[in-house]
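These notes concern the structure reproduced below.
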Amino acid sequence: MKKMIGLLVMLLVLLPYQSAFAATATTSTASVEKEYFKDYKDKVKEVRNAQKALTAALCTNLTELNNKVKASNDKYNSLVKSKASKELIAQAKAQKTADRKVLSEAKKVCSKKVNEIKKASNLELKQLDKYKRELANVIKLHLKGKDQMSADEFNRRVTEGQSYISATFDKIITNLKSAR
């Protein structure tokens, strides 16, 4: 009998805590993001893929310059192996050095362009992530009942927030694609 009463007391004490934990589980950040920001991670991946494609699109001359460096290097090596005259070897070496310098400068210019564009898009992504976190906090507060918003105001705010996020992603991706 005493054990039964002890179990009943424990159940009465623990049940309210379990319901409190159940309420917080539905308003966790992960559940809010899963419910309200379903395609956010996919859009971020799309932006990252567009960033990766920048180098190939903006630096088309690097392949040609790289081939030129390889050709001049091969020519120099073949002249050295064939024991050509010192003048020919010196000319080939000068050509090889000049080609390497041109390639190096082209890589610097290309890298600078790509990094500037990536930096701008990363800044926009960072601002967008901050906005998303703020909106997620608003959603969590509303779901917990700790705000003064009506259901219509909440729905309008969430819809506007989702539209803003979607439009910003579209703008970032369009900017990255137009930079190519």
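What follows draws every value from the coordinates through simple rules; no lab data is involved. Please read all numbers here as calculations on a predicted model, not as lab measurements. Note: ideal-geometry Cβ built from the backbone for every residue, glycine included; neighbour counts use all protein chains shown.
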Starting from the exponent 0.38 and prefactor 2.2 Å, build the expected Rg for region 103-180 from its residue count and divide its actual Cα Rg by it.
-> 1.61
Those lysines that a straight Cα-Cα span of less than 25 Å connects to K75, excepting residues fewer than 8 apart in one chain | K83, K86, K93, K96, K101, K107
Which value results for Rg/Rh of the chain when Rg is the Cα radius of gyration and Rh the Kirkwood radius based on the inverse mean 1/r?
-> 1.39
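Taking the beta-carbon count within 10 Å as an exposure proxy, list L88, L123, L143, L54 from fewest neighbours to most.
Numbers: L88 14, L123 10, L143 17, L54 20.
Ordered from fewest to most neighbouring Cβ atoms within 10 Å, L88, L123, L143, L54 come out as L123, L88, L143, L54.
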What relative contact order, as a whole-number percentage, does region 28-179 give when Cα pairs under 8 Å and 6 or more residues apart are counted?
-> 39
If each K or R counts +1 and each D or E counts -1, the residues other than K52 whose Cβ falls under 13 Å of its Cβ total +4
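Where does each of 94-104, 148-158, 132-142 land if you order them by average Cβ count within 10 Å, highest first? Don't skip to the answer; put the middle values down first.
Details: 94-104: 15.0, 148-158: 11.8, 132-142: 16.9.
By packing density, highest mean first, the sequence is 132-142, 94-104, 148-158.
At 0.36 nm per residue, minus the direct Cα-Cα distance, what do N67 and Q127 gain on full extension? Give it in nm, one decimal, please.
17.5 nm
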